[in-house]
Amino acid sequence: MYDFAVLVVLYNCKPLDSVTIKSLVRSWSVTSNTKFIFWNNGPVSQPLDVKELNGLDIEVVESLYNESLAKIYNQFIERVHANVYVVLDHDSEVSPQYIAALNTITSEQCAFPVILNGDKATGPLINGVTVSEPIDLTDSDSLLAIGSGVAIGSNIVNTIKTAYGNVFDERFYLYGIDSTFCYRLERLKLIANSKVISGFQHSLSRLESESSALTQFRKKERSYSFGLTLRYYKKLSYLRVLFILLFKRILNKSPLSITYIFKALIHGRHYRDEK
């Protein structure tokens, strides 16, 4: 059994070009009892010379068809027997402070890092407010956080799997995976087992300029995520936002697609779900 299992999901990125992998190689102790899984999710195969990676225990997995991130996270958890599971995107500048904080996490805990964009903290949100310092949480707190950097103790994993069959909701493909994970923690009264820890720099797509095609793709994905969340998690805040979006749609200023939201809400599945 490993102390840690660490997943880095790559998309359209060579392993040795990944900011996350380079920072892990610099900062993670070779003598630690850690299993690394570098998961290339496409679109082309990316060979990796593990000799260049400081002697870390690494396994490379490839799924070149842009698999659902929720499914990748769940397969990773099933693949490795570890005390703590860590999920990372490929564009996070993992800090020594974050790695040190991970060593304080037990199998009974879940931890979310402070996410920085430059000098500004962009998450997580506790009770609707962005936090920039480590804190412990209580079950009266609400939590929203991005998935990159989350650390999940094995006992938390087992509790969520017992309740839902898997840790991450596989009805979601790209967006909504992190927020619905937080909602599962909330429903199972596990927020008190969670805490915010020292974090790292992370690239956020919503803060970057991008092509019109990519913007439309993200709009569709976020719209489906919104509709599925409303159907399966029935968050009152989402219902309120839906009414605002409907009003903005009349003014042709809606940031999400009302059509896609209602398709997800009515059919109960993502457009990429072939079942």
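Could you pull out the residue among V87, V60, V8, V94 that is of a type in the set (A, V, I, L, M, F, W, C), over 22 Å from F200 (Cβ atoms), in contact with a strand residue (DSSP E or B) (Cβ under 8 Å, 6 or more places away or on another chain) and assigned by TED's automatic domain parsing to the domain that holds N155? Step through it out loud before you land on a result.
Working: V87 fails: over 22 Å from F200 (Cβ atoms); V8 fails: over 22 Å from F200 (Cβ atoms); V94 fails: over 22 Å from F200 (Cβ atoms).
Being of a type in the set (A, V, I, L, M, F, W, C), over 22 Å from F200 (Cβ atoms), in contact with a strand residue (DSSP E or B) (Cβ under 8 Å, 6 or more places away or on another chain) and assigned by TED's automatic domain parsing to the domain that holds N155 holds for just one of V87, V60, V8, V94, which is V60.
Could you please let me know if G147 is within 28 Å of P96 (Cα to Cα), in the same structural domain as Q97 (by TED's automatic domain parsing) and touching a Pro at 6+ places or on another chain (Cβ under 7 Å)?
On the way: within 28 Å of P96 (Cα to Cα): yes; in the same structural domain as Q97 (by TED's automatic domain parsing): yes; touching a Pro at 6+ places or on another chain (Cβ under 7 Å): no.
Spelling it out, it is not the case that G147 is within 28 Å of P96 (Cα to Cα), in the same structural domain as Q97 (by TED's automatic domain parsing) and touching a Pro at 6+ places or on another chain (Cβ under 7 Å).
Mind checking which residues of the range 172-185 are out of contact with any Phe, Trp or Tyr (no Cβ under 7 Å at 6 or more places or on another chain) and either in the same structural domain as Y233 (by TED's automatic domain parsing) or touching a residue at least 60 places away in the same chain (Cβ under 8 Å) (or both)?
Initial filter on the range 172-185 (out of contact with any Phe, Trp or Tyr (no Cβ under 7 Å at 6 or more places or on another chain)): 172-176, 178-179, 182, 185.
Listed by number, the residues that qualify are F172, Y173, L174, L185.
Take the residues in the range 89-138 that are within 17 Å of the chain's Cα centre (by Cα) and of a type in the set (D, E, K, R); name whichever of them is surrounded by the most Cβ atoms within 10 Å (Cβ to Cβ).
D89
Could you please let me know if V19 is within 27 Å of C182 (Cβ to Cβ), touching a Ser or Thr at 6+ places or on another chain (Cβ under 7 Å), of a type in the set (V, I, T) and at pLDDT 90 or above? Before you say what the answer is, go through the steps one by one.
Values: within 27 Å of C182 (Cβ to Cβ): yes; touching a Ser or Thr at 6+ places or on another chain (Cβ under 7 Å): yes; of a type in the set (V, I, T): yes; at pLDDT 90 or above: yes.
So V19 fits the description; yes.
The values are calculated or read from the model by the stated rules, or taken from the named source; none is laboratory data. Predicted, not measured: the structure shown is a model, and the values here were computed from it. Note that we place each Cβ from the backbone using ideal geometry, even for glycine, and neighbour counts take in every protein chain shown.
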